[in-house]
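The values are calculated or read from the model by the stated rules, or taken from the named source; none is laboratory data. Since this is a predicted model, take the numbers as computed values, not measurements. Because the Cβ atoms are built from the backbone with ideal geometry, glycine has one as well, and the counts that use them run over all protein chains shown. Note: areas computed on protein heavy atoms with side chains; ligands, DNA, RNA excluded. Shrake-Rupley method; radii C 1.70, N 1.55, O 1.52, S 1.80 Å.
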Amino acid sequence: MVAQELTSGEYIKHHLTNLTYGKMPDGSWALAHSAEEAKEMGFWAINVDSMGWSIGLGIIFCWLFGKAAKGVTAGIPGGLQNLVEMVVEFIDDTVSSTFNHRNSLIAPMALTIFVWVFMMNLMDLVPVDLIPYISQLLGVHFMKVVPSTDPNITMGMALTIFVLILFYSINCKGLGGFFAELAFHPFPKPLFLFNLFLESVTLIAKPISLGLRLFGNMYAGEMIFILLAIMYGGIVTGLVGGVLQWGWAMFHLLIVTLQAFIFAVLTVVYMAQAHDVEEEH
Amino acid sequence: MNINLTLFAQMVTFAVFIWFCWKHIWPPIVEAMAERQKSIADGLAAAERAAKDLELAQDRATDQMREAKVEAQQHIDEARDRAKQMVEAAKDDARLEGERLLEAARSEIDQEVNRAKEALRVQVAELAINGAEKVLGSSIDRAKHSALLDTLAAEL
């Protein structure tokens, strides 16, 4: 437990508050001291913990895979290269079975998404109080360690992918072709307004569902860890809580991997759709 | 839980990581894997070729062995025939030689016999003359009776 005097509600709320650096009401920039203060900062604020952890994990990914790529050999691979090649081959197989166009960006992007999101999700398995407690000792009040429980992070990634969807759609089909795809489908041309509305919703639903799916899954998982952590009061409830934490962690390991995989695969599917030049309707 | 600047910061971060992976991580790894795949395929093909070569060589060796066996058998047969012929020839030679020797011996014996007869004849003539001298008590004129003696000796 972080602090014994907290009520359960406060405990949960504390855990769900980001370390926010932003514009204070008086115009100066500073770290928020409470959830309310963070909320008041509005858009001009940045979640230092989410960004820090996500960038840190991204750098670990780049360092680890970069190291393997630098010392890569076509001969007998070592331990790290084996691991990296296994992941690369898995992603390569997945991508080549879904994506049939020529684009060298897609597979590396899927690899980045899979590994990075997996690592961000994996932070969920670090005991919920450990890092917040340590940072509290260091004088930092809020610390959310799982970047993928922050909608900014997941939606940010989804938006980057959305930009790529638009870019490749226009690049492959031309502006007219892309418009035609949105307007003349699925109903005949006279109903193009209706088509446009329908297809736009479909298009916009892609990044939103992509980002929110990951966020929702991770947020719910994190929430269960927090709720189970509340049980750490007495010996009996603490023991039961510990067992439940362990069980949920085992189950969550599946979700962690699955969500990373789903995010990567859906990205590839959306990219494939963006590249598909459809025949006339 | 507020949407704020983090959203855009993450968009940029994400793009940067994708770019890094695209440029610096993915190509060398995939290249190395392809290279290894190729070398394994080459190795397997070479092994297959070598196995085929070995099979061919074995076939050839078997053929050669069979040919050699046949040839050896021929040689053996020829040699046996020749040996038989030589033995036959030697037998014939021996028989002829034996016959020749036998003939020679026989003629020599005949000569000896004749010679002995001749000597005997002379002696018998002498003996007869001596005997007759004794019986008649006088000498016989050799010259007078030589014709008679010669006919006598020839009768012996």
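Here are the numbers:
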{"read-out": "Count - residues of region A:180-228 that are assigned to a helix (DSSP H, G or I), open to solvent by 50 Å² or more (accessible area, probe 1.4 Å) and farther than 30 Å from A:A260 by Cβ", "value": "8"}
{"read-out": "Given (1) within 14 Å of chain B (Cβ to nearest Cβ); (2) open to solvent by 10 Å² or more (accessible area, probe 1.4 Å); (3) under 28 Å from A:F43 (Cβ atoms); (4) in a helix (DSSP H, G or I), index of the condition A:F142 fails", "value": "(4)"}
{"read-out": "In region A:145-167, residue nearest to A:H14 (Cα to Cα) [restricted to those that are more than 10 Å from chain B (Cβ to nearest Cβ) and part of a loop (DSSP other than H, G, I, E, B)]", "value": "A:V145"}
{"read-out": "Failed item, numbered, when A:V243 is tested on (1) within 28 Å of A:S97 (Cβ to Cβ); (2) part of a helix (DSSP H, G or I)", "value": "(1)"}
{"read-out": "Residue identified as open to solvent by 50 Å² or more (accessible area, probe 1.4 Å), of a type in the set (G, A, S) and either away from chain B (no Cβ under 14 Å) or more than 27 Å from the chain's Cα centre (by Cα) (or both) among A:G233, A:G177", "value": "A:G233"}
{"read-out": "Members of region A:145-164 that are surrounded by 18 or more Cβ atoms within 10 Å (Cβ to Cβ) and more than 20 Å from A:D49 (Cα to Cα)", "value": "A:L159, A:T160, A:I161, A:F162, A:L164"}
{"read-out": "Residue ID - surrounded by the fewest Cβ atoms within 10 Å (Cβ to Cβ), chosen from residues in region A:91-109 that are touching a residue at least 12 places away in the same chain (Cβ under 8 Å) and away from every other protein chain (no Cβ under 12 Å)", "value": "A:N100"}
{"read-out": "Per-region count, region A:10-37, residues more than 20 Å from A:I224 (Cα to Cα) and either open to solvent by less than 90 Å² (accessible area, probe 1.4 Å) or not in a loop (DSSP other than H, G, I, E, B) (or both)", "value": "16"}
{"read-out": "Candidates B:E108, B:E88 - the one that is open to solvent by 100 Å² or more (accessible area, probe 1.4 Å), part of a helix (DSSP H, G or I) and among the acidic types (D, E)", "value": "B:E108"}
{"read-out": "Residue among B:E35, B:E71, B:E48, B:E67 that is within 7 Å of chain A (Cβ to nearest Cβ) and either in a helix (DSSP H, G or I) or touching a Leu at 6+ places or on another chain (Cβ under 9 Å) (or both)", "value": "B:E35"}
{"read-out": "Odd one out for B:H24 among (1) more than 26 Å from A:T20 (Cα to Cα); (2) open to solvent by less than 80 Å² (accessible area, probe 1.4 Å); (3) facing chain A (nearest Cβ under 7 Å)", "value": "(2)"}
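Okay, residues lined up against (1) among the hydrophobic types (A, V, I, L, M, F, W, C); (2) at pLDDT 95 or above; (3) loosely packed, with under 10 Cβ neighbours inside 10 Å:
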site	(1), (2), (3)
B:A9	yes, no, no
B:E55	no, yes, no
B:A61	yes, yes, no
B:D77	no, yes, no
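Quick grid of which residues meet (1) within 20 Å of B:V16 (Cα to Cα); (2) among the hydroxyl-bearing types (S, T, Y):
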site	(1), (2)
A:M51	yes, no
A:S54	yes, yes
A:C62	yes, no
A:G66	yes, no
A:A74	no, no
A:P77	no, no
A:E85	no, no
A:D92	no, no
